[in-house]
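Okay, so here's the structure we're looking at.
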Amino acid sequence: MAVGESNQKARAAADYFAAGFWLGVSQVALGFHLLYSQGAAVIYYFALVSVWLAGSVIALVAIKSKVNGFYLGCGCLLVLMAAFIAARLEPFGSLSLLVLLLSGLVQGVFAGWFLKSRIACGGSVSSVMLHENNGFIFGYAAAGALLFFSISSLDLLALGSGVLWVLVEALAKRGSEKP
């Protein structure tokens with residue numbers, strides 16, 4: 001295997017891991033805000049996971065893998081931020097529940113698109129799933145640990161890891177467009 005090919009595989013693995021990390025942190029943050037703003041009923045967490053999975057299916061079926069990840073990532077960040085704000089400003093309200101579940105749906109759409117797009121770009125299913133799932137588990141664990149210390153830090157980690165992913169995606173696309 002050539003050095004260039006090895007570097008390309010390492011960059012791809014880091015991309016998969018970073019997206020999984022962002023998704024894991026986001027799911028914990030959304031889950032916490034849902035419990036905080038609606039009460040600790042397990043039905044709300046099940047609703048979050050259900051809309052997340054529905055978003056993934058929607059992306060796999062209806063969204064083309066060629067969709068620009070930069071714009072999709074920016075949309076996810078905006079809805080995620082709106083969910084955090086709505087949960088704090090309107091606890092136990094219908095609007096906060098709607099925005100939180102909408103954010104879960106949008107994050108699920110991102111997750112489904114990400115898997116579809118990376119596999120379409122030549123990534124093997126097993127490699128994409130391995131690194132993305134490892135990132136998700138690591139992000140979930142890191143976010144769960146932050147719940148003991150600071151919810152604001154958890155929000156910043158969710159938004160910061162999303163911003164970082166979007167910036168790297170934009171740079172990668174820009175670099176691939178140069179002759």
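Observations
- Computed over protein heavy atoms with a 1.4 Å probe, the carbon and sulfur contribution to the accessible area of the chain reaches 73%.
- Whole-number accessible area per residue in Å² for the chain, which is evaluated in the context of all protein chains at 1.4 Å: 53
- For the residues GLY69, GLY162, GLY139, a GNM of the chain with alpha-carbon springs under 10 Å puts the largest fluctuation on GLY69.
- Nearest 10 degrees, 0 to 90: helix 42-62 Cα axis against the chain principal axis: 30
- Cα gyration tensor category, rounded, prolate or oblate, for the range 118-179 with a/c compared to 1.5: oblate
- Residue-count net charge about ILE63 - beta-carbon cut-off 15 Å; Lys, Arg +1, Asp, Glu -1: +4
- Unit charges on C-beta of K, R, D, E only; dipole of the range 1-159, Debye: 320
- If R0 is 22 Å, the Cβ-Cβ spacing of ASN133 and LEU89 corresponds to a FRET efficiency of close to 0.05.
- Crossing angle, helix 3-38 versus the chain [Cα axis fit, 0-90 degrees, rounded to tens]: 10
- Over the range 38-105, the pair-distance histogram of Cα-Cα distances with 5 Å bins from zero comes to 4, 16, 21, 25, 16, 10, 6, 2 percent, rounded to whole numbers.
- The PHE148 and LEU171 beta-carbon pair, evaluated with R₀ = 41 Å, returns a calculated FRET efficiency of approximately 0.75.
The values are calculated or read from the model by the stated rules, or taken from the named source; none is laboratory data. Remember, predicted model here, so these are calculated numbers, not experimental data. So basically every Cβ, Gly included, is an ideal-geometry build from the backbone, and we count neighbours across all protein chains shown. Note: areas computed on protein heavy atoms with side chains; ligands, DNA, RNA excluded. Shrake-Rupley method; radii C 1.70, N 1.55, O 1.52, S 1.80 Å.
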